[in-house]
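*Asks:* My questions all concern the structure below.
The values are calculated or read from the model by the stated rules, or taken from the named source; none is laboratory data. As the structure is a computational prediction, the values presented were derived from the model and not from experiment. Here the Cβ positions follow ideal geometry from the backbone for every residue, glycine too, while neighbour counts run over all protein chains shown.
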Amino acid sequence: MDAYAYRQYQKQLQQRRKGRAEDPLARFFKRAWSFLWPLLASLAAVGISYLFISRYAFSRDEGLKFQNPWGFLLLLGIPLALLHDVYLRTKVSAKLVFTRVDVLKQLPGRARAKLLVVLPGILRASAIGLVALAVARPQATAIREQAEVEGIDIVMTLDMSNSMEAADIKPSRLEAAKAVIDEFVKRRVNDRIGIVVFGREALTLCPLTLDYSVVRNLVRSLQLGNVDGRGTAIGNALGTATNRLRKSTAETKVIVLLTDGANNQGNVSPQQAAEFAKTLGIKIYTILAGKQEETPVEVDTDFFGHSIFGKAHYPVNPELLKKISEQTGGRFYTAQDRKSLEDSFHSILDALEKTKISDVGVVYAETFPRFLIPALLLLLLEILMRFTLSRKSP
């Protein structure tokens, strides 16, 4: 130990003897303050960070909400981290372990030396607070109160009866229809789109929305068996789709019906559903998918996993689909391959008008990196300080 360190050693001994003579209450408040002010500094750092990030969100016309409020419980880690740090400092002081002598020689006052001792703890506690805010899952909210856009209201009505497994349109009628609908939705900009699926019964998969990512993900997830495929309830499907458009304020309302069969189930006839749609000013465009004779159907797989195809015959009724379209002012299409299926959708779009519609909604975006990245930087700074300026030497 050099001369400077020895003087510090003697000075600390005197302070310890003086501390024994101090009033116990005064000693308690002194120790309490040594813990309280780093706690207040840490909370202030977290609060300032939150205010700064909130102002940044506000400047971009965003709100800020927390999806997992229970994450704020991690803020309790701030006093725990500081208590642990204070305990270690007390233990180190009892053993007369000093801050690096070469650093202390450059510090004229006790305040700066003390700051070097407590600053790593404050950095760690502040990082814990920011991690708590990140775990609470902050989300920026951009509110569309009344977005006036040019578009039309479309309900895609997709047949999911067992006959859609036929492979005359590769890889199957259903998979080809899903791919074409996905591409159709991908190219839309301001058209509200809903999805109705049907087999023996009809169900709404997605109501009218401008959130195309939701529509595309739902369509991609469709598989035979999601609805009872032992029948084709075209009338019920048109009735369900019409009900989705019943309250629409758009001047142009459209149902695109894609099927490969004839109506053989349901308690509503296609003609009745078409008449109801016509009353509401809804146009029905029908697409008959597949060939109208025997079609290949996968019946098994060989030893190498290759498909083994058989032949199946599914009844169709193109005259019914044509009559439905003409009754409502729409148009009838046939699609015997992938290209003609795509052309059918493009032709439908070319025939449609544009009109103003309103959409009310809130867009959410995950913003936890705004809190997590500063937390990691503070932890890195704390580690650097503990191994450099605030490193302890016996």
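*Asks:* Please give the number of the condition VAL189 fails out of (1) modelled with pLDDT under 80; (2) more than 24 Å from the chain's Cα centre (by Cα); (3) assigned by TED's automatic domain parsing to the domain that holds SER269.
*Replies:* Every listed condition holds for VAL189 apart from (2).
*Asks:* Just checking, how many residues over the stretch 209-246 are under 17 Å from ILE284 (Cα atoms) and without any contact (Cβ under 8 Å) to a residue 24 or more places away in the chain?
*Replies:* Filtering the stretch 209-246 for residues under 17 Å from ILE284 (Cα atoms) gives 233-246.
Still in the list and also without any contact (Cβ under 8 Å) to a residue 24 or more places away in the chain: 243.
Here the count works out to 1.
*Asks:* Taking the conditions exactly as written (in contact with a Ser or Thr (Cβ under 7 Å, 6 or more places away or on another chain) and either modelled with pLDDT under 90 or not charged (D, E, K, R) (or both)), does ALA237 satisfy them or not? So that I can check it myself, show each step before the final result.
*Replies:* Numbers: in contact with a Ser or Thr (Cβ under 7 Å, 6 or more places away or on another chain): yes; either modelled with pLDDT under 90 or not charged (D, E, K, R) (or both): yes.
So ALA237 fits the description; yes.
*Asks:* Taking VAL215 as the residue in question, decide whether it is in a loop (DSSP other than H, G, I, E, B), in the same structural domain as LEU158 (by TED's automatic domain parsing), touching a strand residue (DSSP E or B) at 6+ places or on another chain (Cβ under 7 Å) and within 27 Å of ASP337 (Cα to Cα). Quick ask: steps written out before the conclusion?
*Replies:* Working: in a loop (DSSP other than H, G, I, E, B): no; in the same structural domain as LEU158 (by TED's automatic domain parsing): yes; touching a strand residue (DSSP E or B) at 6+ places or on another chain (Cβ under 7 Å): yes; within 27 Å of ASP337 (Cα to Cα): yes.
It is false that VAL215 is in a loop (DSSP other than H, G, I, E, B), in the same structural domain as LEU158 (by TED's automatic domain parsing), touching a strand residue (DSSP E or B) at 6+ places or on another chain (Cβ under 7 Å) and within 27 Å of ASP337 (Cα to Cα).
*Asks:* Can you tell me which residue is modelled with the lowest pLDDT among those in the stretch 195-204 that are touching a Lys or Arg at 6+ places or on another chain (Cβ under 9 Å) and surrounded by fewer than 22 Cβ atoms within 10 Å (Cβ to Cβ)?
*Replies:* ARG200
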